[in-house]
Amino acid sequence: MNIVQSGTMYMIYDDSVQTYSELPVGAYEVGFNKMTGFFLKTRNDFKVTEKVYGDYEKKVDKVLKSFQLANRNFGLILSGQKGIGKSMFMRVLAEKAGELGYPVVVVSDYIPGIDSFLASIEQECVVLFDEFEKTFRQDDDHHEPQEEMLSLFDGIDGGKKLFIITCNEVRKLNSYLLDRPGRFHYHFEILPPKAEEVREYMIDNLNPEYWDEIENIVTLANSIYMTYDYLRAITFELNQGYTLAEALADLNIARSDADFDIIYIAVNGMEFKVPGYRLDVFSDRDEHLRAWGFSKNTNLPNNIWFSINPSKIITENDEMIYPVDLINIDLLIDGDYYYDIEDAEERKKLIALAKQALAPKKIILKKIDRSFIQKFMI
C-alpha cells in the first residue's frame with residue numbers, strides 16, 4: 001500500500017505507484033478526466049526509422065542549441081502545406097531532445113486550463129502543439145484559446161520550456177504569435193523539396209527500371225507545390241508499373257496549373273518575356289505565346305511569336321527550360337512590324353536578318369512563387 005498526501009487529502013494506491021521529483025525522460029500526451037483533471041500518459045517514443053531528406057537535422061540542431069543557451073522559454077513555429085514534412089521535423093526534434101535528456105509532451109486538444117497545467121511542469125522540457133491553429137481555434141462564443149496561451153509562452157509562471165507549434169495556415173495564427181521573436185524565436189517555413197532532394201528520394205525509393213521518369217518528376221516538382229506525400233504516392237504507383245501520366249490522373253493530389261515567367265533569350269542577347277503565364281507542364285497541347293522585349297536596334301521588333309509544347313519542357317541544371325531546337329523559327333517574327341517598308345525585297349531581307357538575330361539561344365521558365373501572398377489571403 002502507498003499513501004500519497006496532497007494538501008489535506010490522503011490518497012491510497014497499490015504498490016505499483018511510484019513518485020518522482022521530475023518527469024522521467026520520455027514521450028507523453030496530455031489527457032483530461034472530468035473527475036480528476038489533467039494528467040500525462042505515456043506514448044510511443046519518437047523514433048525516426050526512415051531516411052531524412054533536406055536540412056532538417058541541421059535546423060533541429062540549431063533550435064536545440066539555442067534553447068540550451070536561452071535563460072527563458074523558447075519557441076518555434078513550423079508552417080507549411082499539409083504533407084510537406086512538418087511532422088517529420090517534429091519527430092527528428094523530439095528524438096534528439098530525448099537524447100539530450102528532455103521529456104517531450106504532446107498537446108493534441110485544447111481544454112480550458114491547459115496553460116496552467118503545462119506551467120505546473122517545473123522542469124525543462126519540450127512541448128509540441130500539432131496543427132495549433134485548428135486545435136486552438138476560436139469557438140462559437142468567440143473565445144480565443146490562442147490568447148489564453150500567451151502567458152504560458154511568455155513564461156510568466158517561471159520555468160523554461162521549448163514550445164513547438166505547427167500550422168498549415170499562418171493567417172489563422174493569433175497576431176501576437178507572429179513577428180514576436182521574444183515569444184517564438186524562430187519561424188521555419190517548411191518548403192517543397194529541392195530538385196536534388198527529389199532525385200535523391202526517387203533513387204532511394206523508385207525501382208531502377210523506372211528511373212527514366214525521375215527527371216519528369218523533377219520537372220513536375222518545379223511546377224507544382226510538391227510534398228513528400230506526393231512523392232510517396234507517385235513512387236508507389238510507378239513501382240506498380242503505371243505510367244506517370246496515369247498516376248497523376250488518378251492520384252488524389254492537387255495538380256493545378258502554375259504561373260510562370262517565360263523568358264526567351266535570343267542569340268544576340270536580347271530578352272523577351274511572357275509574364276505570369278498559366279501552364280500545365282504535362283499538357284500535350286501547343287501554347288502560342290507572344291513575348292515582349294526592348295532593343296535599341298530599330299530594325300528589330302520588340303515582340304515575337306513562338307509556340308511551345310508544355311510536355312516537352314525539361315529540367316537542366318535544376319532550371320526549367322524548353323529545348324530551343326523545337327522552336328519553329330518561322331513563327332518568330334511578326335511580319336507586320338515591317339508593314340511600312342514598301343520594297344518587298346527589302347522587307348524580306350529585314351525579316352530574314354531579324355530571324356537570324358533573334359533565333360533562340362535559351363528559353364527559361366521561372367515559376368512564380370505566390371506562397372507569400374497566399375499565406376495572408378482571407
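Values as computed for the structure displayed
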quantity: Qualifying residue in the range 66-87 (condition: touching a residue at least 24 places away in the same chain (Cβ under 8 Å), among the β-branched types (Val, Ile, Thr) and in contact with a Ser or Thr (Cβ under 7 Å, 6 or more places away or on another chain)); calculated: yes
quantity: Hits in the range 270-324 - residues which are exposed (fewer than 15 other Cβ atoms within 10 Å of the Cβ), acidic (Asp, Glu), free of Cβ contacts under 8 Å to residues at least 40 places away in the same chain and in a strand (DSSP E or B); calculated: Glu316
quantity: In the range 203-217, the residues that are closer than 15 Å to Ala247 by Cβ and in contact with a helix residue (DSSP H, G or I) (Cβ under 8 Å, 6 or more places away or on another chain); calculated: Asn205, Leu206, Asn207, Tyr210, Glu213, Ile214, Asn216, Ile217
quantity: Condition met for Gln123 (among the polar types (S, T, N, Q), closer than 13 Å to Tyr110 by Cβ and in contact with a Lys or Arg (Cβ under 9 Å, 6 or more places away or on another chain)); calculated: no
quantity: Per-region count, the range 71-86, residues in a loop (DSSP other than H, G, I, E, B) and farther than 13 Å from Val126 by Cβ; calculated: 8
quantity: Search result, residues across the range 1-23 that are surrounded by 10 or more Cβ atoms within 10 Å (Cβ to Cβ) and out of contact with any Pro (no Cβ under 7 Å at 6 or more places or on another chain); calculated: Asn2, Val4, Met11, Tyr13, Val17, Glu22
quantity: Any hit, the range 93-105, residues being over 20 Å from Val25 (Cα atoms) and either at pLDDT below 95 or part of a loop (DSSP other than H, G, I, E, B) (or both); calculated: no
quantity: Subset tally (residues that are surrounded by 14 or more Cβ atoms within 10 Å (Cβ to Cβ), β-branched (Val, Ile, Thr) and within 23 Å of Phe132 (Cα to Cα)) for the range 38-69; calculated: 3
quantity: Any hit, the range 231-248, residues being assigned to a loop (DSSP other than H, G, I, E, B) and buried (at least 18 other Cβ atoms within 10 Å of the Cβ); calculated: no
quantity: Exclusive hit being of a type in the set (A, V, I, L, M) and part of a helix (DSSP H, G or I), set Ile165, Ile217; calculated: Ile217
quantity: Arg72 surrounded by fewer than 18 Cβ atoms within 10 Å (Cβ to Cβ) and not hydroxyl-bearing (Ser, Thr, Tyr); calculated: yes
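The values are calculated or read from the model by the stated rules, or taken from the named source; none is laboratory data. Every value quoted in this text rests on a predicted model; they were computed, and no experiment measured them. Heads up, the Cβs are rebuilt from the backbone with ideal geometry, glycines too, and the neighbour counts pull from every protein chain shown.
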